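K.L.:
I have a structure I would like to understand better, so I am pasting it below and will then ask my questions one at a time.
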Amino acid sequence: MRPPAAATPPPLSRAQMPPTKAPAPPAPTPVTPPPTARVGAPSQQATFRSSTPASAAPSSSVPAATAQQRMKSVFALEEILGRNWLNKIGIVLIVLGVAWFGIKEFSQLGAFGKVVLSYLVSLALLGGGVFLERRERYRVFSYPCIGGGWSLLFWTTYALNHVAAMRVVSSVSTDLIFMLLVALAMVVHTLRYRSQVVTGIAFLLAYWTVSLSNDNVYSLTAGVILAIGLVAIVIKMSWFELEVFGILSTYANHLYWLYRRLGPGGAAGHAFPDYHASTAILLFYWVTYRISYVVRKTKSPMHEHISTVAALLNTLLLLGALKFQSVQPELAFWALLIIGALEFSMGQLPIIRRRREAFVVLSVLGAGLMIGAVPFRYSGNNVAILWLIGAEAFLAAGVAVSEVVFRRLGLLAGLLVGLHLAGIDFQELMVARRVNDDVALAVGVMFALCAAVFYVNALFVGQRWRQFFGDAPDVQLIYVHSYVGAFAAASAAWALFSGDWTALAFAGVMLTLAVLGQKLKSFHLQLQYGVLGLLALYRVAVVNLHSDAAQYTHVPARLITLPIVAAAFYLTAKWAAANEDNNQRFFRGLFAFAGTALITSLIYYEVPELWQPLAAITFAVLLLEVGKQIGYPVLAWHAHLLGALAALAAVTVDPSGVQRWQNIPLHAFAALPVVAGAYWIAWRIRVPNQDHVRLGRLAYSWAGTAMMVWVLNEAVPAPWIAVSWIVLAVALALIMPRIGYRQIGWQANAVAACSIVRSYNFNLAMEQPFWQGISLRLVTIAIVAAGLYFLSRKSTPPGSESRRAIAYLHTFAATALLTFLAWHEVSSGWLAAVWAVFALVLALVDRRFEVEDLRWQAHALAALTMLRSVTVNLYVLETWHGVSVRLLSLAIVAVILYALSRLIRMPEELREREFHHIYSWAASVLVSLLVWYELKPLSVAVGWAVFGLVLFEYGLWRRIRQFRFQAYVALAASFGRIFFANLTAGNPGEFWGPRTYTVLPIALILFFVYAQLGPEDQTARADRGFHFDILLAYLGTGTVVALLYFQFSNEWLVTAWAVVVFVLFGLALGLDRPIFLHQALLLTLGTCTRGVMHNLFGASYFTGSGWTGRYVVLSSAIAVLLACLPFAFRWRDHEKAQPSGNWIGAVVRHPEQLMFFAPVLLLTLMLAVKMRAGMVTLAWGIEALSIIIFAFLINERSFRLVGFLLLMASFAKMLLLDIWSGAWSWTDRYITFVIVGVAMVLASFLYTKYSEKIRQFL
Amino acid sequence: MKRALAFLVVLLAGLAGLYFSQRRNDPTPVSANAVVAMAADAQRDLSRAPMRLTRLSDDEEIAVGKELAEEYAASAEKLTPEEQALEGYVRRVGNSVSLHAHRRLPYSFHLLPDRAMMNAFSLPGGPVYVGEGLLDLMTSEDELAAILAHEIEHIDHYHCAERVQIEARLRHLNLDIVGALLQIPFQVWEAGYKKDEEFEADREGMRLAVLDGYSPYGEVTLFERFSKLHSEYVIHAQSPEEELSQLAIQSLQGYFRSHPLPSERLAQANSVIAQEGWQDRRTQKPFRVEYEVQNGKYVQ
């Protein structure tokens, strides 16, 4: 944070021209600079203000940001990054690159030469910065140069003795004096600017460069000098942010030095020579920065927050460094304890108590370190006990002195104890339980005591001093204590009870907590005893059911414990609901249901199989009656469940019917009590909700009928089952009007449906004769059909709205039966024709007598006929009087289909929607199939295309759009066909062959038809509405693109497609057809994808030397794509007046974006893949700078952003990948650092120079 | 009027295409080759980036090849003296050709004594195997050099190594586990490679053979022989339903074995010869193995 200029005036020498006052800002800026700007130079904001046009200032009357304002804010971000950060990063890279050159380069220059060169670069940066700093516009740009110059100067001075490749001074002390002088000059000079940027860059870069070349412990003296200087500046200037980076740099420098000596694993207990010196230096750092923290005076909350970060970093980094160089791990306990105690003690000093945040930080840090120290010396129960003591001590102290920090420390330490109980002590209990099931008294008592302490905290302390625990997070923490208590109580129950009695213990705790929960109205206690109930149920399921015992044998323990636990659950249900809302009732219901489930389990395990339906239905009736008596209707639901289980038991018992009486299986009789019970419940059911009564009655009566159907299925001989069911259905239909219950009619329809299914599945397949050539199939199906026709008029309840639908279903079923009967009787080749004639007859009868059912049956038969023609008749080879049956039958079918398209009746709305053309579609399909059969494979696609062309012209001439639609389908099929026959036809290398002379006419036809669908043609308006014009245009271009795919070699395809893109752009502009622009954009994506996948990653590993290898092919494609940019800019200008739409519309209106980004992406990837690994980043940097310059030349902001992002990506790659890559030589490294750094500085310079000009374009 | 004229022109173009295609006597096989080729190209291209980014090192590849080659070591011990001489001949030609490969790998050349095997294949890291049946087809040493150079280029251009990567990925093999490679059947290596890879091996193999002084027409004469054999085995569909059934089968086969047709390979070979100006290098060395047998032992 920069202090206000008025509070700390600049030195006298600069008093006449303070940076913050020199330019008078003409207007306040509309854009609030982000925090980074505040860290920057004092004059930075003034710079923005002075260059912002006054007209751009927002009006206070406009509450919401306009699009222009949002653009401006984005621009502000780019400007800040471009002007403020690129130069800083660039300077850092240059300094590091020069430093690496000095350290690693041995062959080019001697030590003296490199020192001179390094000093020259330092002075150039320093001089350039000082020179530019005098001009207001370049002030922000100049500060990093000054800082970088000083840091390089300091490092070069350091290198005079400490860098082997640059050593020209042999005395350590002489060099130390030089470093002190340079550091002093650096402090004095950089403070003149009162800029954290200058000072920060100078110091931090000095740290970094020094860390590159540390060779012995004495080289760390440079770090000590920098740390002292930094703290002095921080205390004087209150630049606490700088101290944060200083701490990071100090410890990082030291850790890097340790890493180079000890490796990635650190000391790991092995002594090393500089251990004591290193420890002393680390403690010196800690003391220095801690003193800075204690004695500072903060003036704002932000100061305090930043100081907190510094305080935490200081201790954490110290501990990390000590751990890394740890030689005596056994001292960790004492180290943590002493440092923790010191931190806690400092936290109680009056100077700290006046700063609340500092008090909290140091107290918590100290307490945390002391608590964390315990496991380094103690283990087992001692840890939990010591932590519990500490927790209670903190809690008591917090309550006694009313200090929230201590109370929360106590509560959190209690949580730590809970975690220890769960993670350690409970694990030990589980291990003990795996061995045996004996009572674990010691552990059980411990858990019980812990449960008592935690419940005291939660239920007593929390209630007694309620004022301390009323707010978050204290209230949550105290609740958590109660959960820890519940966990401990459950663990104690498990430890102190074994076998069948554990479930009873859980149930007992559950019941106790239920009573307490009811008294305290505590949701948390409800949750806890709910979980305990689950535990009890789990225990019952695993242990008390004794499911491994022999079936239907009596187990005394089961007979005793299950009713007791069930009773506990029923009792808990009584106490469970705290009030009468739905949630609480549901909660109570769960416990009641658990009780019922336990009794049901008892029936399942104890009652013999054949008697279980009776027992279950009896229990169901009992529950129903008890529920009515005690006024708890929920039990009726339990009765329903038991009723369903009884039905299930009845139909599943003795499934193979082994046990019989007079050839009738006994399980049919076992179902009868259930039927009786069901009807009993249907009669007796009484609940408050009458809807439920009606629903229950309906369900139970349907269940009874279903059971009757099942009984008939079991008792009647197989061929006559369908007949018996239809008789039952007829009987039900006759009974319905007598008893007046409408559901009986629906049940008759359902039974009839069963009869239909049975007839189709069984009776149609029967072959046995019945009498004098009449088959049994004919007799039974005739009876069923007769019954269906009867039911179609009699089975529907009076006044039902479904009467017509039911009648339809029954007559359709009868007609279908007759149709299938014909299928069994008529020979294969003529069946389609017979069906077609049958359909025609039905249609004619309907047309004459208006019998609605028959019309739809005619449609269905016509569909069947078509299906039969396609699947069977196409493959019939027999002849009739020398004429192919296939030809004759298909001709009859085709003629009848065309006749039906004119004759058949259908609702007017369907005819208006041209549904009758389904028949003409079917005829066209048959014609297409004939074309396929008659022509050679190579000609089929062309034949379909010509057929489509003719259909299209006919449809256009007669204004019948369905013919045109059929034409589109034929053309699309033609397009698809070329992929299977035409594109691979001919000989390889043959340019004009069957491929070209069959595919090109198809493309021509497609484009011709597309051209007929222009906006001026009114006939084809509907076609355009369905976007057939777009489809045809895409198919035409797709044909050409596919042809090129097979005509050109794989390498050059990308260039060929790029040329097509160019042509499409020309067509789009010349014909004013956006569709070609869309295709061009899509093909651009395809070209780039192809280029990346095939030419970059799919290319050979070793074809770089050929002229088509490394760069030429892709470069040509990139060049052709970039050549489309003028077209793209013209299109953008052409579309400027169009309204804005979604993002796709935005892409189309701004094709120049894609046409720039796609080739640039291709170029970037080409550089990445084809360039030598060490030079990729450098190439990207140069590419980025070129893009930025190009963007400035044509004033295109998005292009500039791309260049900027690529520059940042180069930097990120360098930082994240290259530095860690073994393939990056030192030469590559320093060259890349310097070149990319220079590119960044130049880019930043351009941003600075043209900032006002850029604003004019917004 | 203009519209009617345009319609007539387009219709005539279509009819002309129809006429010429109907008059064409060469049968056109209906297959999904075009789609399969595009799909295979796309699949290959999609796999190339991961292949490049996770490429095996030379040492790993050599170790993999050694492990796979151990399975063939037993058959090598059963060679007759004549077959030993034949293998020596193959080895001599192979060693000579492999000197010009890009990568310095331990190339080795082996004979598979099976006269029904008209195939050759290579394993990662260097081993190359030639079937005796394929040698029976050859009439010149240049043809042998072409075949061996083709297989060397499969190794040289990482086709074998990438196949290991793909198979390991498909079969969920951990290459660090000894014996895991044995789960890759040898038919995988004998099945050939993707179309582009075969073309690349043909093209670069021809250059390799020419660098060693052999005639590029060795490859041409061999492909002419393959083309003749191929045409004898192709069956053309006579009806749409045959088309559809063959299409389904060919699609399935072709997807996994998208070998280029011999005619396509022949066309590329002639194209490379024309491009490099090698038309005058027609003279081929005879396929000649000299050996003697004395007391049941082979003598060179």
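K.L.:
May I ask you to evaluate 6.51 cos²θ - 1.76 cosθ + 1.60, the Karplus curve with θ = phi - 60°, for each residue of segment B:36-41 and list the ³J(HN,Hα) values in order in whole Hz, giving x for glycine and proline?
P.N.:
Ordered by residue, 3J(HN,Hα) equals 5, 4, 5, 5, 5, 4 Hz.
K.L.:
Next question. Full-extension gain between A:Phe1048 and A:His276, please, as 0.36 nm times their residue separation minus the C-alpha to C-alpha distance. The partial results should precede the final answer.
P.N.:
Working: separation 772, 0.36 × 772 = 277.92 nm, distance 7.35 nm.
Once the chain is fully extended between A:Phe1048 and A:His276, it gains 270.6 nm.
K.L.:
Still on this structure, I have one more. About its Cα centre, what dipole magnitude does the protein assembly as shown give when the only charges are +1 on Lys and Arg Cβ and -1 on Asp and Glu Cβ, stated in debye to the nearest 20?
P.N.:
Details: 123 positive and 106 negative charges, 1348 e Å.
Here the size comes out at about 6480 debye.
K.L.:
Can you tell me the 0 to 90 degree angle between the C-alpha axis of helix A:441-455 and the longest principal axis of chain A, rounded to 10?
P.N.:
Helix A:441-455 sits roughly 80 degrees off the main axis of chain A.
K.L.:
Another question about this same structure. Tell me the volume per residue, in Å³, of the convex hull enclosing the alpha carbons of segment A:563-705. The partial results should precede the final answer.
P.N.:
Details: hull volume 15.7 nm³, N = 143.
Looking at segment A:563-705, the number lands at 110 Å³ per residue.
K.L.:
Report the Stokes-Einstein translational diffusion coefficient (µm² s⁻¹, integer) for segment A:995-1044, Rh taken as the Kirkwood radius over Cα pairs, at 20 °C with viscosity 1.002 mPa s. Spell out each step's value before the answer.
P.N.:
Working: Rh = 11.2 Å.
The estimated diffusion coefficient comes to 191 µm²/s.
K.L.:
Under 20 Å from a label point 7 Å along Cα→Cβ of A:Gln427: give me every residue in segment A:441-457 with its amide N that close.
P.N.:
It comes to A:443-444, A:446-447, nothing else.
K.L.:
Rounded, prolate or oblate: which fits segment A:1115-1212, taking a ≥ b ≥ c as square roots of the Cα gyration tensor eigenvalues, rounded meaning a/c under 1.5, else prolate when a/b beats b/c? Before the final figure, lay out each step's value.
P.N.:
Values: a/c = 2.35, a/b = 1.94, b/c = 1.21.
Note, shape of segment A:1115-1212 comes out prolate.
K.L.:
To continue, here is another question. For the pair A:Phe915 and A:Val626, how long in nm is the line joining their label points, each one 7 Å along Cα→Cβ?
P.N.:
Reported label-point gap for A:Phe915 and A:Val626 is 5.9 nm.
K.L.:
Return the FRET efficiency for the residue pair A:Val950, A:Leu930: r is the Cβ-Cβ distance, R0 is 25 Å, and the value is rounded to the nearest 0.05.
P.N.:
Working: r = 15 Å, r/R0 = 0.58.
So, using R0 = 25 Å, E works out to roughly 0.95.
K.L.:
Counting alpha carbon pairs within less than 8 Å and at least 6 residues apart, what relative contact order, in whole percent, applies to chain A? List each step's numbers first, then the result.
P.N.:
Values: 1473 pairs, mean separation 94.2, N = 1258.
7 percent.
K.L.:
Please give the contour-minus-distance gain from A:Asp438 to A:Arg354: 0.36 nm per residue of separation, less the Cα-Cα distance, rounded to one decimal in nm.
P.N.:
Values: separation 84, 0.36 × 84 = 30.24 nm, distance 5.85 nm.
Net length gain for the segment: 24.4 nm.
K.L.:
Could you pull out every residue, at least 5 positions away or on a different chain, whose amide H is within less than 5 Å of the one on B:Ser140? Hs are placed 1.01 Å off N in the peptide plane, and Pro or chain starts have none.
P.N.:
B:Phe287
K.L.:
Follow-up question, since we're still on this one. What FRET efficiency do you get for A:Lys323 and A:Ser1116 if R0 is 60 Å and r is their Cβ-Cβ distance, rounded to the nearest 0.05? It would help to have the intermediate numbers written out before the result.
P.N.:
Details: r = 59 Å, r/R0 = 0.98.
Computed FRET efficiency for A:Lys323 and A:Ser1116: 0.55.
K.L.:
Taking chain A as the reference, fit the longest principal axis to its C-alpha atoms, fit the long axis of helix A:381-401 to the helix C-alpha atoms, and give the angle between the two in degrees, 0 to 90, nearest 10.
P.N.:
Approximately 70 degrees, to the nearest ten.
K.L.:
Considering only DSSP beta bridges with both partners in the protein assembly as shown, what is the antiparallel share in %, to the nearest 5? Before the final figure, lay out each step's value.
P.N.:
Details: 13 of 18 bridges.
If I count the DSSP bridges inside the protein assembly as shown, around 70 percent turn out antiparallel.
K.L.:
What residues qualify as long-range amide H neighbours of A:Phe770, i.e. H under 5 Å apart, gap of 5 or more or another chain, H built at 1.01 Å from N?
P.N.:
A:Ser775, A:Leu776
K.L.:
Could you go through segment A:1185-1199 in sequence order and give the Karplus-derived ³J(HN,Hα) for each residue, using 6.51 cos²θ - 1.76 cosθ + 1.60 with θ = phi - 60°, rounded to whole Hz, and x for Gly and Pro?
P.N.:
For segment A:1185-1199, the Karplus-derived couplings read 5, 4, 4, 5, 4, 4, 5, 5, 5, 9, 6, 10, 5, 5, 5 Hz, x marking Gly and Pro.
K.L.:
What does the charge count near A:Ile1030 come to, summing +1 for each Lys or Arg and -1 for each Asp or Glu among other residues with Cβ under 14 Å from its Cβ?
P.N.:
Working: positive: A:Arg1024, A:Arg1073; negative: A:Asp1023, A:Asp1029.
In short, 0.
K.L.:
Given Cα pairs under 8 Å that are at least 6 residues apart, what percent is the relative contact order of segment A:232-364? List each step's numbers first, then the result.
P.N.:
Working: 99 pairs, mean separation 41.4, N = 133.
Once divided by the residue count of segment A:232-364, the mean separation gives 31 percent.
K.L.:
Kindly state, as a whole number, the per residue volume in cubic angstrom of the convex hull around the alpha carbon atoms of segment A:518-568.
P.N.:
Details: hull volume 3.6 nm³, N = 51.
In segment A:518-568, the Cα hull volume divided by residue count equals 70 Å³.
K.L.:
Which FRET efficiency value, to the nearest 0.05, is calculated for A:Leu1217 and B:Arg3 with the Förster distance at 51 angstrom and r the Cβ-Cβ distance?
P.N.:
On the way: r = 62 Å, r/R0 = 1.22.
Here the calculated transfer efficiency is 0.25.
K.L.:
For segment A:660-668, in order, what is each residue's ³J(HN,Hα) by Karplus, 6.51 cos²θ - 1.76 cosθ + 1.60 with θ = phi - 60°, in whole Hz (x at glycine and Pro)?
P.N.:
10, 9, 6, 6, 10, x, 5, 5, 5
K.L.:
Give me a single rounded figure for A:939-949: the average over its residues of other chain Cβ atoms within 10 Å of their Cβ. Kindly include the intermediate steps, with their values, before the conclusion.
P.N.:
Numbers: counts 9, 6, 3, 10, 6, 0, 5, 7, 1, 1, 5.
For peptide A:939-949, the averaged partner shielding equals 5.
K.L.:
Chains B and A: how much accessible area gets covered up at their contact, both sides added, probe 1.4 Å, in Å² to the nearest hundred? If you can, show how the numbers build up before the last one.
P.N.:
On the way: alone 17240 and 60040 Å², together 72960 Å².
For chain B against chain A, roughly 4300 Å² becomes buried.
K.L.:
May I ask you to give the percent of accessible area on the protein assembly as shown that is carbon plus sulfur, with a probe radius of 1.4 Å?
P.N.:
Values: 48540 of 72960 Å².
Here carbon and sulfur together make up 67 percent of the probe-accessible area.
K.L.:
Placing one identical point scatterer on every Cα of segment A:385-476 and ignoring solvent, what is log10 I(q)/I(0) from the Debye formula at q = 0.14, 0.21 Å⁻¹?
P.N.:
Calculated log10 I(q)/I(0) at the listed q: -0.56, -1.00.
K.L.:
Extent of the protein assembly as shown along each principal axis, from alpha carbon coordinates, in Å, largest to smallest?
P.N.:
Largest first, the protein assembly as shown extends 132, 108, 101 Å along its Cα principal axes.
K.L.:
Skipping prolines and chain starts, which residues have an amide H placed within reach, meaning under 5 Å, of the one on B:Leu112, given they are 5 or more residues away or on another chain?
P.N.:
Counting only residues 5 or more places away or on other chains, the set is B:Val130, B:Gly131, B:Glu132.
K.L.:
Also: Once a ≥ b ≥ c are taken as the square roots of the eigenvalues of the Cα gyration tensor of segment A:316-448, is the result rounded (a/c under 1.5), prolate (a/b larger than b/c) or oblate (a/b not larger than b/c)? Could you put the intermediate results ahead of the total?
P.N.:
Values: a/c = 3.47, a/b = 1.55, b/c = 2.24.
It is oblate, given that a/c is not under 1.5 and a/b is not larger than b/c.
K.L.:
For the protein assembly as shown, what does -39500 (n - 2.57) per DSSP helix run (n ≥ 4), summed and divided by total residues, give at 222 nm, in deg cm²/dmol to the nearest 500? List each step's numbers first, then the result.
P.N.:
Numbers: 65 runs with 1086 residues, N = 1558.
Counting only the DSSP helices, I get -23500 deg cm²/dmol.
K.L.:
Over the whole of B:5-15, what's the average partner chain Cβ count within 10 Å per residue? Rounded to a whole number, please. Could you put the intermediate results ahead of the total?
P.N.:
Details: counts 0, 3, 8, 0, 2, 11, 7, 1, 10, 15, 5.
Taking the mean over all residues of the peptide, I get 6.
K.L.:
Compute the acute angle (0 to 90°) between the alpha-carbon long axis of helix A:221-237 and the principal axis of greatest extent of the alpha-carbon atoms of chain A; round to the nearest 10°.
P.N.:
Once rounded, one gets 80 degrees.
K.L.:
Send over the semi-axes of segment A:293-338's equivalent ellipsoid, whole angstrom and largest first, taken as the square roots of 5 times the C-alpha gyration tensor eigenvalues. Mind showing how you got there, number by number?
P.N.:
Values: eigenvalues 176, 21, 9 Å².
Gyration-tensor ellipsoid for segment A:293-338: 30, 10, 7 Å.
K.L.:
Quick one: if you stick a label point 7 Å off each Cα along the C-beta vector at A:Leu109 and A:Tyr741, how many nm between them?
P.N.:
10.8 nm
K.L.:
Continuing with this model, one more query. Across peptide A:996-1004, how many C-beta atoms of other chains are within 10 Å of each residue C-beta, on average? Intermediate results must be reported in sequence, preceding the final value.
P.N.:
Details: counts 1, 7, 7, 1, 2, 11, 3, 0, 5.
Taking all residues of A:996-1004 together, the mean is 4.
The values are calculated or read from the model by the stated rules, or taken from the named source; none is laboratory data. Keep in mind that what you see is a predicted model, and the values were worked out from it rather than measured. Heads up, the Cβs are rebuilt from the backbone with ideal geometry, glycines too, and the neighbour counts pull from every protein chain shown. Accessible surface is based on the protein model in full, side chains and every heavy atom, while ligands, DNA and RNA are left aside. Shrake-Rupley method; radii C 1.70, N 1.55, O 1.52, S 1.80 Å.
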